[in-house]
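A quick write-up on the structure given underneath.
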Amino acid sequence: MAVVADGADERERGGSVVTGWDTHEPQSNGNLHCSVTLPLVTTLLHLSDLHLDDDLARGRLDRALRILPPSRRPDLIVITGDLADHGRREEYVDLVSAMRGDIPWIVCPGNHDDPALMAQVLGWDQSGAMSLDVDDVRVVALDVTVPGEDHGHLRPEVTDAAFRAAEDAENVVLALHHPPVPLGHEYADSIGLSNPTALGDLVIALPRTRLVVTGHVHTALATTFAGRPVVGAPSLAAALRPDPAARPLTDAGSAPGVALHELGPDGVRSSFHYAWDAATSAA
Ligand SMILES: [Fe+2]
């Protein structure tokens, strides 16, 4: 864990990340040394597309939750939709059972989910947006699903709810299922967010937006949108094959993958990690 500053050394002291050059008191050998203490980074473990429906899917979730060592314990877990494969109550109950640890977590619905059932089992706010704070970061989760459809759409009432939830936050992370940008994959792009400009308007209205996190396309994704980083987490369930003509479209034998986002005063660093041992043992 580290905050990266351009050209700077970095190390941790007593739980704080230390970074930056101090040129005022060079050491006896003349080398520059570290002396500026900055706040700890906030770490988000980002999961997506769990598609919980059986013991195999549950096992992949459990392995993903164990992917980080205790020394890299995240501050918050965000799950960007397709929690359930069929939107059934028992699938959400299974999620609650898996998330019994003491790390706070927040979800948004995906096209496989049932927001009404999520409200009953997970406490999802059917206004279409809800938030969770950790350190000085507020994660705001949005519902961009369209009942009965695979594509997404950001409705005005959800935009309004998200703005109200985020407007007084110091740092905002927006979490939604559908990426606002095309992937370059014919099928994935056919079921994308139909009105990305609405999300762009929301980002512009919330200038403290540091990061947008997404799922849906079942592959890691990193780009920019409205001047902000957009990062998609790989799927826990099955990875998208790069060839849109491939059948099946996804590979269920792939390793479950997660994204890790570290937000600090110098920006955001995202990395992707895969439970390769899980893939081999699950075959
Ligand atoms: Fe999915």
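What to note about this one:
- Verdict on VAL212 being at pLDDT 95 or above, within 16 Å of the ligand (Cβ to nearest atom) and crowded, with 22+ Cβ neighbours inside 10 Å: no
- Against the numbered list (1) crowded, with 19+ Cβ neighbours inside 10 Å; (2) farther than 13 Å from LEU45 by Cα; (3) within 13 Å of the ligand (Cβ to nearest atom), HIS86 comes up short only at (1).
- Taking each residue of the range 235-254 that is within 12 Å of the ligand (Cβ to nearest atom) and looking for partners that are hydroxyl-bearing (Ser, Thr, Tyr) and in a loop (DSSP other than H, G, I, E, B) with beta-carbon atoms closer than 7 Å, six or more apart or interchain, yields SER235/SER48; ALA238/SER254; ALA239/THR219; ALA239/SER254; LEU240/THR219.
- Taken over the range 125-151, the criterion of being of a type in the set (Gly, Ala, Ser) and under 17 Å from the mean Cα position of the chain (by Cα) is satisfied by ALA129, SER131, ALA141.
Every residue, every condition in (1) over 20 Å from LEU50 (Cα atoms); (2) within 16 Å of the ligand (Cβ to nearest atom); (3) aliphatic (A, V, I, L, M), yes or no:
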| residue | (1), (2), (3) |
| --- | --- |
| GLY81 | no, yes, no |
| ALA119 | no, no, yes |
| VAL140 | no, no, yes |
| ASP150 | no, yes, no |
| LEU154 | yes, no, yes |
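- Checklist (1) surrounded by 18 or more Cβ atoms within 10 Å (Cβ to Cβ); (2) polar (S, T, N, Q); (3) away from the ligand (no atom under 16 Å from the Cβ); (4) not in a strand (DSSP E or B) applied to THR197, failing item: (1)
The values are calculated or read from the model by the stated rules, or taken from the named source; none is laboratory data. Note that the coordinates shown come from a computational prediction; the quantities given were computed from them, not determined experimentally. Please note: Cβ atoms are built from the backbone with ideal geometry, for glycine as well, and neighbour counts cover all protein chains shown.
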